[in-house]
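For reference, the structure discussed in these notes is given below.
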Amino acid sequence: MTNEQTNHLTPEALLAGIRQTRLVAIVRGSDGGAAARAALAAMDEGFRYVEIALTTPDALTAIRQVRAAAPDGCFVGAGTVLTAQDVEHVAEAGGQFMVTPALAESIGASAAAGIPVLAGAMTPTEAYEAMTRGATAVKLFPASIGGTGYLKALRDPFPGIPFIAVGGVGLDEATAYWQAGAVAVGLGSPLFGDAGSGGDLAPVRERARGFLALAAEYDRRIAAESLR
């Protein structure tokens, strides 16, 4: 049974799943077909949440392809969703969650439609505004500008906002962001490289396994510390 037949994603379910997996994959490239193949490769290795950026040519077709072929329990969303019309088109293509790079009208449109949305924000004001518009979580972007120290500072006044660190986060940085309080990290080129433009999928699969192993090890460490 395919994802297209079985999977419905609520904002609550997306947030719970992202908290559990700690990882969101981001595909962006110059070839929609290649982006779809890259997304499915990451899912095959164990990634549950993959977004395809609308800046990718034929992104909506790619989303349809991934939605139809994704393993059960895996979800495809759209990135760089800016307008209410974008939300409508993505939903028609089968996209199950939305991701924005900034405070855009798509946040409210997604929330009004009951579609989970990860809203891009950088400043305290933007993070607060994103949540008031109905965001499921805040995508701290680009996270590399302020690093983990900035994330910690943001969480002091906003302990209840779920932050996802995106932008400049690779295998060497992910653990530090989780320790700083990010519920997850978003992985673009550090995971996919040039696969979204037709590059080799073998390195994507290898990197995906590396990120999944890192998250699993972090969870084991947290569990062990809680027993002390």
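Read-outs: derived from the displayed coordinates by stated rules, not from any lab. Because the structure is a prediction, the values reported are computed rather than measured. Please note: Cβ atoms are built from the backbone with ideal geometry, for glycine as well, and neighbour counts cover all protein chains shown.
Name the single residue that is nearest to residue 103 (Cα to Cα) among those in the range 119-157 being surrounded by fewer than 16 Cβ atoms within 10 Å (Cβ to Cβ) and among the aliphatic types (A, V, I, L, M). So the residue we want is 145. Counting residues in the range 63-82 that are in contact with a Gly (Cβ under 8 Å, 6 or more places away or on another chain), hydrophobic (A, V, I, L, M, F, W, C) and surrounded by fewer than 19 Cβ atoms within 10 Å (Cβ to Cβ) gives one or more. Restricting attention to the range 171-199, the residues that are over 20 Å from residue 141 (Cα atoms) and either surrounded by fewer than 19 Cβ atoms within 10 Å (Cβ to Cβ) or in contact with a Phe, Trp or Tyr (Cβ under 6 Å, 6 or more places away or on another chain) (or both) add up to 4. Total residues in the range 200-218 satisfying the condition of being free of Cβ contacts under 8 Å to residues at least 24 places away in the same chain and either surrounded by 15 or more Cβ atoms within 10 Å (Cβ to Cβ) or assigned to a helix (DSSP H, G or I) (or both): the figure is 6.
Residue count for the range 142-199 satisfying the condition of being outside any loop (DSSP other than H, G, I, E, B), in contact (Cβ under 8 Å) with a residue 24 or more places away in the chain and hydrophobic (A, V, I, L, M, F, W, C): 16.
Of the listed requirements (1) buried (at least 23 other Cβ atoms within 10 Å of the Cβ); (2) touching a Ser or Thr at 6+ places or on another chain (Cβ under 8 Å), residue 38 misses just one: (2).
Assess whether residue 108 counts as being surrounded by 19 or more Cβ atoms within 10 Å (Cβ to Cβ) and under 28 Å from residue 160 (Cβ atoms). When the stated conditions are applied, residue 108 does not pass them.
Residue 61 falls short on exactly one of the conditions (1) touching a residue at least 40 places away in the same chain (Cβ under 8 Å); (2) among the hydroxyl-bearing types (Ser, Thr, Tyr); (3) not in a loop (DSSP other than H, G, I, E, B), and that condition is (1). For the range 101-122, the criterion of being polar (S, T, N, Q) and closer than 29 Å to residue 214 by Cβ is met by none of the residues. Summed over the range 123-141, residues that are touching a helix residue (DSSP H, G or I) at 6+ places or on another chain (Cβ under 8 Å), closer than 30 Å to residue 92 by Cα and either without any contact (Cβ under 8 Å) to a residue 24 or more places away in the chain or not in a loop (DSSP other than H, G, I, E, B) (or both) total 5.
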